[in-house]
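Okay, structure first, notes after.
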Amino acid sequence: MQFFALEHFAGHLNETFTVALDSEGRAPFVLVEARPLAVTGRAIPGMVRSPFSLLFRNESAILLPQKIYQMTHAALGEFGIFLVPIARDRDGFIYQAVYN
């Protein structure tokens, strides 16, 4: 299991990540936002990373369900990521991953 922090993704904004789909092959997702999330109250003892959020855009007209997908990136390799569809705009669907 890979352990990611915001710094792993922040340098890859507007780059394409590839998601493996169950039976339909692969789909491109573009990282459009990588930002820290606020920590409310005190830090939790043993907390090893600060929470952060990633937003990806997929230009497909088909809404993909929330679930863990296998994602690949040229620099970060292959990893599992839980994506949740949160919005739709004229360019496609927006999916969020939260690490906390």
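Of the GluC sites (Glu not before Pro) found in the stretch 1-47, those that fall in a DSSP loop while having at most 16 other beta-carbon atoms within 10 Å are 15, 24. Taking each DSSP H run with n ≥ 4 as -39500 (n - 2.57) and averaging over every residue of the chain yields -1000 deg cm²/dmol at 222 nm.
What is the stretch 6-99's relative contact order, in percent, from Cα pairs under 8 angstrom and six or more apart in sequence? If you can, show how the numbers build up before the last one.
Details: 181 pairs, mean separation 24.4, N = 94.
Relative contact order here is 26 percent.
For the chain, a Gaussian network of Cα nodes joined below 10 Å ranks 83, 55, 13 by mean-square fluctuation, and the top entry is 13. In loop segments of the stretch 1-87 as defined by DSSP, the chymotrypsin sites (Phe, Trp or Tyr not before Pro) with at most 11 further C-beta atoms inside 10 Å of their C-beta are 3. The separation of the stretch 1-42 from the stretch 47-100, counted between C-alpha centres, amounts to 6 Å.
Where does the charge balance sit around residue 91 when Lys and Arg score +1, Asp and Glu -1, over other residues with C-beta under 11 Å from its C-beta? Write down the numbers at each step before the final one.
Values: positive: 57, 88, 90; negative: 59, 89.
My count for the surroundings of residue 91 gives +1.
Mind checking the stretch 16-72 for trypsin sites (Lys or Arg not before Pro) that DSSP puts in a loop (not H, G, I, E or B) and that have at most 11 other Cβ atoms within 10 Å? The partial results should precede the final answer.
Values: sites: 26, 42, 49, 57, 67; in loops: 42, 49.
Answer in residue order: 42.
Quick note: the coordinates plus some simple rules give every number you see, no bench work behind them. The model shown is predicted, which means the values in this text are computed figures rather than measured ones. Neighbour counts run over all protein chains shown; Cβ positions are idealised from the backbone, glycine included.
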